[in-house]
Amino acid sequence: MNNFGILAAGYDKYNTADYDKYAAFVKDAFSLSAIPVKEVLDLGCGTGEMAVRLADMGYSVTALDISAEMLSVLTDKIKGRDILPVFQDMINIDLYGTVAGCISAFDSLNYLLNAKDLEKAFAGVGKFMEKGGVFVFDINTSYAYEKVYADNSYVYETENSMLVWRNCYNRNTRKCHFYLTEFELSDDGRYFRTDAVHVQKNHSLRTIKTAADKAGFDVMGIYGNTDRGELENTSPKAYYVLRKNREL
């Protein structure tokens, strides 16, 4: 379950996200920090596209992920940048020092499948964040799970590969199963098939706010996009900006 190996090598070629725009949103959100932001934690960094952009903006980035395959892709991108890859589970964060900023981009926190694990992740961020620091993240919304994913299927194609993405959302458990199948063209003309299953949790606003409060964070803003637009019922993602205002 949640084997990211199938996604690691091909994640960037299938992903059409606007990383530059997201990084600009993060930089702007960091201006709400009560302290200077230099050291940043990228929680669930994946292949490191956000970590690279933050490093290019001058931040010192600790890039944490539970997937060795994802971190391997990131390592090839570092090229002298101030990025430290860390192989860890986000519910058991143990850093070498404190940070003043943290991000968790592209629904990484939805992979935590219950409120207890979400609270552990927030507590870990709070433990290693200096008072006054800022935590920026996004969460898939109910609209995303009920309307965009639901029981729909999607196909992503490149010149030499194809990814079939089938979804199954359960409103009772608030969990969504993603069934991934990739076909990769080999040099001898044959296609190799790889299968994986991912599971995400549709966390409620109350669950997120409770986890934030327990970890010493106050909500500074919740937005529907990286332009700081209003969160609406049809917003597929919710973008949160939190500030650590209390030591616990």
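Observations on the structure shown:
- Contacts under 7 angstrom Cβ, first residue in segment 8-34 being under 27 Å from Trp165 (Cα atoms) and of a type in the set (Asp, Glu), partner part of a helix (DSSP H, G or I) and modelled with pLDDT of 95 or more, 6 or more apart: Asp12/Glu49; Asp20/Arg53
- Condition check for Tyr143: farther than 22 Å from Leu205 by Cα and aromatic (Phe, Trp, Tyr): no
- Any hit, segment 107-118, residues being among the aromatic types (Phe, Trp, Tyr) and under 30 Å from Glu39 (Cα atoms): yes
- Qualifying residues in segment 69-86 (those that are more than 19 Å from the chain's Cα centre (by Cα) and either among the acidic types (Asp, Glu) or not assigned by TED's automatic domain parsing to the domain that holds Ala55 (or both)) - the one farthest from Ala55 (Cα to Cα): Asp76
- Residues satisfying the stated conditions in segment 131-172, i.e. within 26 Å of Phe30 (Cβ to Cβ) and under 21 Å from the mean Cα position of the chain (by Cα): Gly133, Val134, Phe135, Val136, Phe137, Asp138, Ile139, Asn140, Thr141, Ala144
- Where a residue in segment 160-183 is in contact (Cβ under 8 Å) with a residue 12 or more places away in the chain and its partner, wherever it lies, is aliphatic (A, V, I, L, M) and in a loop (DSSP other than H, G, I, E, B), with Cβ under 7 Å and at least six apart: Asn167/Ala150; Tyr169/Ala150; Lys175/Leu113
The values are calculated or read from the model by the stated rules, or taken from the named source; none is laboratory data. Bear in mind the structure is a predicted one, so any value in this text is a computation, not a measurement. Because the Cβ atoms are built from the backbone with ideal geometry, glycine has one as well, and the counts that use them run over all protein chains shown.
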